[in-house]
Amino acid sequence: MTAIEATDLRYAYPDGTLAVDGVDVSIERGGRVALLGPNGAGKSTLLELLGGLVDPDGGRVRYFGETTDADTVRSRLSVLTQNPADYLFNPTVREDLAYGPAQLDCDRAEVDCRVERVADRLDLDGLLSKPPFRLSGGEQRRAALASALTVEPDVLLLDEPASNVDAANRATILDLLDELAAEGVTLVVSTPDTELVPHVADRVLLLDDTGTIAARGATRRILTDADLLRDCDLRPPQVVRLFEGRTADVPLTVDGAAERLDAGDPDTAE
């Protein structure tokens, strides 16, 4: 079943520059998809179009095979843009996390239950009474993600969810995304970071700087095609570059390479 289906999407900035030009997208329920491309490729704009935050100049987006009106499925759809401040505007983190379910008319007990559950998953328990502006950058990003999750969405669209955070915060965020995917939540992640993609996506939509999709396919196929990535001003992940030509089954992550080495794979041990 399709979660989001977009047909011939077009969007231009006020100066007339095309950000998204004739893009078709089909995202299956439970899928993990990366919108990958260089800066300026229109990834963030496409994510906002898919999430119903921006109206297209042409084309349409259909949700769950039911409607083209994102507002009617807002309780099933969460969008997290790059700026955590867009989601952290209440006096305390607790109130920010409670805001979404309260708007869905959840009763107080249900709101409190959701806040506590999500705060525990993102290690925010000790921060709930703090003003958001007193959090570190990584804490703000975790709190913003938590605010998107308290509505318990079926689809989560994330714009560079692990950018500008330290290793510990990055690990917490990526571990949670793995858990959400295992629970059946559909994930759409926009990023220019080829190192991040293997951790968050099974499929990739590769955008070039003209606002169109240059390629689409399995994560492994896209990330091991150096020429294709180079044409889009991107480089394969470092571990792919390291093992390129040494084995037919190139690992995509450092952890994957380590597992192969631990298993005594002669191709990766050379």
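Here, each number is a calculation from the coordinates, and none is a lab measurement. All values reported here derive from a predicted model rather than from experimental measurement. Here Cβ is always computed from backbone atoms with ideal geometry, including for glycine, and neighbour counts include all displayed protein chains.
How much length, in nm to one decimal, is gained on full extension between Asp231 and Glu259, taken as 0.36 nm per residue of separation minus their Cα-Cα distance? Mind showing how you got there, number by number?
Numbers: separation 28, 0.36 × 28 = 10.08 nm, distance 3.10 nm.
Going from the current span to full extension adds 7.0 nm.
Of Val61, Val254, how do they rank once you tally other Cβ atoms within 10 Å and put the fewest first? If you can, show how the numbers build up before the last one.
Numbers: Val61 20, Val254 14.
By the 10 Å Cβ count, ascending, the order reads Val254, Val61.
Taking the Cβ of each residue in Lys130, Lys43 as the centre, tally the other Cβ atoms inside 10 Å and list the residues starting with the fewest. The partial results should precede the final answer.
Working: Lys130 16, Lys43 25.
Listed from fewest to most nearby Cβ atoms, that is Lys130, Lys43.
For Arg108 and Gln82, FRET efficiency with R0 = 35 Å and r from the beta-carbon atoms, rounded to 0.05? Can you show the working numbers first?
Values: r = 32 Å, r/R0 = 0.91.
Calculated value: 0.65.
Nothing charged except the Cβ atoms of Lys and Arg (+1) and of Asp and Glu (-1): what's the magnitude of the dipole of the chain about its Cα centre? Round to the nearest 20 debye. Walk me through the intermediate numbers first.
On the way: 27 positive and 50 negative charges, 36 e Å.
Around 180 debye, computed over the chain.
Which residues does the label zone of Thr67 cover in segment 86-123, counting backbone N under 19 Å from a point 7 Å along Cα→Cβ?
Within reach of a label on Thr67, which here means backbone N under 19 Å from a point 7 Å along Cα→Cβ, segment 86-123 contributes 100-106.
Among bridges DSSP assigns within segment 111-249, what percent are antiparallel (round to 5)? Don't jump to the answer; show the numbers that get you there.
Values: 5 of 10 bridges.
Here the share of antiparallel DSSP bridges comes out near 50 percent.
Which one, Leu207, Leu46, Leu135, has the greatest fluctuation when you compute a Gaussian network model over the chain with C-alpha springs under 10 angstrom?
Result for the chain, Cα springs under 10 Å: Leu135 fluctuates most.
Between Arg29 and Asp193, what FRET efficiency follows from the Cβ-Cβ distance if R0 is 22 Å, with the result rounded to 0.05?
Values: r = 26 Å, r/R0 = 1.16.
According to the calculation, E is roughly 0.30.
Would you please give the FRET efficiency between Arg241 and Thr2, computed as 1/(1 + (r/R0)^6) with r the Cβ-Cβ distance and R0 = 51 Å, to the nearest 0.05? Mind dumping the intermediate values first?
Numbers: r = 35 Å, r/R0 = 0.69.
In this case the efficiency is close to 0.90.
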